[in-house]
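What follows is a single structure, written as structure tokens, with notes after it.
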């Protein structure tokens, strides 16, 4: 993950089963970082984490034939070192479990961080937060056979000089796994006033999404209208597996105008989610994992500078 303007993001299109991209710790992690009192802000000053309060939250959501696992996120208030891990998987349900029509969805999310307001001894116009992230994310999806089932509905209603008859055939099926991480820095002034925010986003995705829509319109009388057929179909293939390796220090800058004597709150967090969905696809599996917790992997806050 890189600084704003150089962020290697493959932004996930957001009009689908769509991840409740809520955290981004599907794994998880959300780091709210707030600072300790500023010793001097005449020039720039580096803020530590002493006196901050931990914020941690995590959860798994399951539906159908899905699984999820999540380690409790952690953050060290003395050093800023943090860890996070989560994994989710889904598969087609067997007939005894309701069959392929059952939506199988696994989601693992979490939040970890700190928060601490502090009072400025001098006016400030920027807050720069730096992170160090070493982690691995992987998504995969396998499909044994892909034939999207469709359903048809129809009806009629009166129109001028006749009757309109219609049939609509549609289908929607998927076997997908998505991982995403969003880093956020928010600076607000207690009691109102200056507010600033900055965001970074990255993701990877595997699997197939298929949408089918056919509408036929017919009229009992030519004078009532013109018969027509409307067709739409879309197959999006994101590949069988994708891996993202994070091994970088990056920083995020929030700009504003905060007067001397003001109390500001800096929130800096990474929001991570791993989610898998299998629907109306036979013999399919999907999995997503994010690991920033073991073997040297971590998600650390390394510095906060107000100037």
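The values are calculated or read from the model by the stated rules, or taken from the named source; none is laboratory data. All values reported here derive from a predicted model rather than from experimental measurement. Every residue, glycine as well, gets a Cβ built from its backbone with ideal geometry; the counts of neighbours run over all protein chains shown.
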Can you list residue pairs whose Cβ atoms sit under 6 Å apart, with the first residue in the stretch 177-191 being on the phi < 0 side of the Ramachandran plot and free of Cβ contacts under 8 Å to residues at least 24 places away in the same chain and the second being surrounded by 24 or more Cβ atoms within 10 Å (Cβ to Cβ) and assigned to a strand (DSSP E or B)? Count only pairs 6 or more apart in sequence or on different chains. none
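Look through 280, 300, 237 and report the one residue that is closer than 21 Å to residue 111 by Cα, within 30 Å of the chain's Cα centre (by Cα) and modelled with pLDDT under 95.
300
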Among the residues that make up the stretch 167-190, is at least one of them out of contact with any helix residue (DSSP H, G or I) (no Cβ under 7 Å at 6 or more places or on another chain), at pLDDT below 90 and surrounded by fewer than 15 Cβ atoms within 10 Å (Cβ to Cβ)? yes
Does residue 281 satisfy the condition of being part of a strand (DSSP E or B) and either in contact (Cβ under 8 Å) with a residue 60 or more places away in the chain or within 29 Å of residue 167 (Cβ to Cβ) (or both)? no
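To keep it simple, each residue is scored yes or no on (1) closer than 18 Å to residue 181 by Cα; (2) surrounded by 19 or more Cβ atoms within 10 Å (Cβ to Cβ); (3) without any contact (Cβ under 8 Å) to a residue 24 or more places away in the chain.
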{"position": "95", "(1), (2), (3)": "no, no, yes"}
{"position": "99", "(1), (2), (3)": "no, no, yes"}
{"position": "106", "(1), (2), (3)": "yes, yes, no"}
{"position": "134", "(1), (2), (3)": "yes, no, no"}
{"position": "151", "(1), (2), (3)": "no, no, yes"}
Collect the residues in the stretch 129-152 that are assigned to a loop (DSSP other than H, G, I, E, B) and at pLDDT 85 or above, keeping them in residue-number order. 150
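crowded, with 21+ Cβ neighbours inside 10 Å, closer than 21 Å to residue 69 by Cα and touching a residue at least 40 places away in the same chain (Cβ under 8 Å): which single residue out of 264, 301, 273 fits that description? Show your work before the answer.
Values: 264 fails: closer than 21 Å to residue 69 by Cα; 301 fails: closer than 21 Å to residue 69 by Cα.
Going through 264, 301, 273 in turn, the sole match is 273.
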